[in-house]
Amino acid sequence: MAKDKQTNYRESLFRGQLFEDLLYNLLQKEYGKVYRNVITYGSGAKSTEIDFAATTQSDKYVLIESKAPYTYNTSTIRKAVEQLKSAVDHIPDTKIDRVILALASELPASLMENLLAEGEYFRNKGFAFEVWDSSHIRSLLKKDLGIEVESFSIEEMEKALSSENIQELPPHEAVNLHTHEKSNGRFIARSELESKEYKNVIVVTADFCSYSKFVNASGSDNDLVISVMSRFYEEVSKTIHEHGAVLDKFMGDGVLFYWIVRESFDGVAEVIDSCVGRLIGLSLKLAEEWQEQIDPFVEIKGMRCGGAIGEVLFITEKLSGADSFHAIGDCINVAARLQAKALPNNLAISNVIKTKIFKDDNSFEDISPLELKNIGQIKAWKKSYR
């Protein structure tokens, strides 16, 4: 495949996304209930993100990591296996049915044999390890969805996803794998916003650490920056939406969003925790991919997050036929200042949000007093996600 590095990388990202979309449809047929972009938590609040977790009829998990290399890539596939190992270490063995590595490439018999040998780690824990290569996935697509694909090229997958046999699936529910707390119905949606003041608005700001260093290290490779940041914007938007939050805006490498609580705070902590964990996992994953494409070394740090709660005045308007809004509130400034003070892969929050939302969460550490620019000293807390 005679393509330059930039085009190849950009196409690889798009191809990987299409493969995940197709696999998601297939897993829905195979298992019924499927969670996507799942964060699992270990000791010390360390987390691992995997592509999918499905549930069996016996209420056990099937963990799936997918990769779409154009050819067999030892380091890429080994990294995927390590991702699965890390994920299963965070979940009781009795809750896991099997783990699956799904690949969009064909594997020679000898390489498949070596890869299956990696499964000894999982088998020793009492559950199965399966490798789905392209031939196996193609057979499942034909059996379960009635779709025949010759290969997992971009063209073939776009055609398959537009097939009448592919159902338009609803947005998958955001869920904390350990508690199954869902966001649906707890919060006011963007489409419901009115021009008025709302109480109990949880404000979060976050930024992608080392962004400027990555851009400088990329030199004139604008296609690389566009590819990574396009995926950042898309995945962050999707994660925020799926957790019931309202996205305000992106500010370069930063993002501002809100949860507007309807009534009770019950279960809200789990939703926020799941969203922040996934955003941090996503930023770490993208930073690792970015580092693989450049020569200069940039320390992979992930994301800083700040949170506060209070009253916010929303002013809605129609802008070029689309709904738009502006938000005004002191808690927005507090969240932004806390984010600026946060360590990488940490969430720094005000004392009021700790008291109202996270009162029973002992993983937060008191970092008071914290001096905030133009605000002064406040009582604040932090939680590490790595």
note = If amide H atoms are modeled at 1.01 Å from N in the peptide plane, then the residues at a separation of 5 or more from ASP248, or on another chain, having amide H under 5 Å from its own are LEU256, PHE257, TYR258
remark   = Ordering GLU164, GLU65, GLU365 by the accessible surface of their heavy atoms, 1.4 Å probe, largest first, yields GLU164, GLU365, GLU65
ask   = Any idea of MET112's accessible area? Nearest 10 Å², probe 1.4 Å.
value = 30
task = Return the long-range amide H neighbours of SER66 (sequence gap of 5 or more, or a different chain), with a cut-off of under 5 Å between placed amide H atoms.
result = ASP51, ALA102
ask   = Under a 5 Å amide H to amide H cut-off, with H placed in plane at 1.01 Å, what residues pair with ASP133 once short-range neighbours are removed?
value = LEU103
inquiry  = Per residue, how large is the accessible surface of the chain? Use a 1.4 angstrom probe and give square angstrom.
reply    = 46
remark   = Per residue, the convex hull enclosing the alpha carbons of the chain has a volume in Å³ of 164
query = Which order do THR55, THR316 take by accessible area at a 1.4 Å probe, largest first?
reply = THR316, THR55
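Report for the chain the percent antiparallel among DSSP-assigned beta bridges with both residues inside it, nearest 5.
Details: 54 of 70 bridges.
Here the share of antiparallel DSSP bridges comes out near 75 percent.
Using a 1.4 Å probe on the protein heavy atoms, what percent of the accessible area of the chain belongs to carbon and sulfur?
Working: 8320 of 17780 Å².
Result for the chain: 47 percent of the exposed heavy-atom area is carbon or sulfur.
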key: Farthest positive-ward along the chain dipole, Cα basis, beta-carbon charges - from THR40, LEU115, VAL81   = THR40
ask   = Based solely on its DSSP helices, what 222 nm [θ] is calculated for the chain when runs of n ≥ 4 H residues each add -39,500 (n - 2.57) and the sum is averaged over all residues, nearest 500 deg cm²/dmol?
value = -11500 deg cm²/dmol
Partners for LYS318 among aspartates and glutamates (Cα-Cα distance below 20 Å; same-chain residues under 8 apart left out) = GLU192, GLU194, GLU197, ASP248
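The values are calculated or read from the model by the stated rules, or taken from the named source; none is laboratory data. Values in this document were obtained by computation on a predicted structure and should not be read as measured data. Neighbour counts run over all protein chains shown; Cβ positions are idealised from the backbone, glycine included. Heavy atoms of the whole protein, side chains included, go into the accessibility calculation; ligands, DNA and RNA do not. Shrake-Rupley method; radii C 1.70, N 1.55, O 1.52, S 1.80 Å.
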